[in-house]
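Encoded as structure tokens, the structure appears first; notes follow it.
The values are calculated or read from the model by the stated rules, or taken from the named source; none is laboratory data. Note that the coordinates shown come from a computational prediction; the quantities given were computed from them, not determined experimentally. No Cβ is skipped: glycine too gets one built from the backbone with ideal geometry, and neighbour counts run over all protein chains shown.
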């Protein structure tokens, strides 16, 4: 397992060891002992979603005390995964990081608490699975505008398929940031 630090502190890319042969492949998708040096979170909930090409989910987060860290991976298909640093004391506050995760490359991204997270499905029938460090709490959920000019994220799409909550998402300038 290779764990790489991104240009945003605490945001990690994890590449598992994959063992392939004529039968298929085997990999450890998560191993607490191998990641605990850098990831101090205990994961309590796994979520899975299926999206068609052009679906954009995000930018989502939960407010404290229900803030979540996430470990995100794609089982099938591919996504453009985006994380935005909302930690006021961070040297990368307001900056974003994006990375393509796919069923083929098997890479994962660890998104710490204090980040907004979203993704764009690049293929039909993309299956995404992610671990969360906190249970879902609907009253603590926030959606920030996916195309907010303050974030300046190039998603590579003009008119994605959005959920109603993402159409009504809040601008970063008006967001009361608790991080």
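If I filter segment 112-126 down to residues being under 23 Å from residue 35 (Cα atoms) and assigned to a loop (DSSP other than H, G, I, E, B), which single residue comes out as nearest to the chain's Cα centre (by Cα)?
112
If you scan segment 63-111, which residues turn out to be assigned to a loop (DSSP other than H, G, I, E, B) and closer than 20 Å to residue 129 by Cα? Lay out the reasoning, then the answer.
If we filter segment 63-111 for residues that are assigned to a loop (DSSP other than H, G, I, E, B), which is where we start, we get 63-69, 77, 86-95, 103-107.
If the condition is that a residue be assigned to a loop (DSSP other than H, G, I, E, B) and closer than 20 Å to residue 129 by Cα, then 66, 67, 68, 69, 77, 103, 104, 105, 106, 107 are the ones that fit.
Kindly evaluate residue 129 against the criterion of being in a strand (DSSP E or B) and either free of Cβ contacts under 8 Å to residues at least 24 places away in the same chain or surrounded by 13 or more Cβ atoms within 10 Å (Cβ to Cβ) (or both). Break it down into steps so the answer makes sense when it comes.
Details: in a strand (DSSP E or B): yes; either free of Cβ contacts under 8 Å to residues at least 24 places away in the same chain or surrounded by 13 or more Cβ atoms within 10 Å (Cβ to Cβ) (or both): yes.
Criteria met by residue 129.
How many residues are part of a loop (DSSP other than H, G, I, E, B), over 24 Å from residue 39 (Cβ atoms) and in contact (Cβ under 8 Å) with a residue 40 or more places away in the chain if we restrict to segment 132-147?
Residues of segment 132-147 part of a loop (DSSP other than H, G, I, E, B): 133-137, 145-147.
From the residues that got through so far, the ones that are over 24 Å from residue 39 (Cβ atoms) too are 145-147.
Restricting the remaining residues to those that are in contact (Cβ under 8 Å) with a residue 40 or more places away in the chain gives 145-146.
So the count comes out to 2.
I'd like to verify a number: residues in segment 153-168 that are under 17 Å from the mean Cα position of the chain (by Cα), surrounded by 15 or more Cβ atoms within 10 Å (Cβ to Cβ) and either modelled with pLDDT under 95 or in a loop (DSSP other than H, G, I, E, B) (or both), how many?
Number of matching residues: 3.
For segment 51-65, indicate whether the set of residues that are under 12 Å from the mean Cα position of the chain (by Cα), surrounded by 21 or more Cβ atoms within 10 Å (Cβ to Cβ) and closer than 17 Å to residue 7 by Cα is non-empty.
Scanning segment 51-65, I find no residue that is under 12 Å from the mean Cα position of the chain (by Cα), surrounded by 21 or more Cβ atoms within 10 Å (Cβ to Cβ) and closer than 17 Å to residue 7 by Cα, so the answer is no.
I need the full set of residues from segment 11-38 which are more than 16 Å from residue 107 (Cα to Cα) and not in a strand (DSSP E or B), in order please.
Step one: of segment 11-38, the residues more than 16 Å from residue 107 (Cα to Cα) are 21-24, 32-33, 36-38.
Across segment 11-38, the qualifying residues are 22, 23, 32, 33, 36, 37, 38.
Looking at (1) at negative phi; (2) in contact (Cβ under 8 Å) with a residue 40 or more places away in the chain; (3) in a strand (DSSP E or B), can you tell me which one residue 42 breaks?
Exception for residue 42: condition (3).
Taking segment 77-93 only, how many residues are surrounded by 15 or more Cβ atoms within 10 Å (Cβ to Cβ), in contact (Cβ under 8 Å) with a residue 24 or more places away in the chain and over 17 Å from residue 155 (Cβ atoms)?
5
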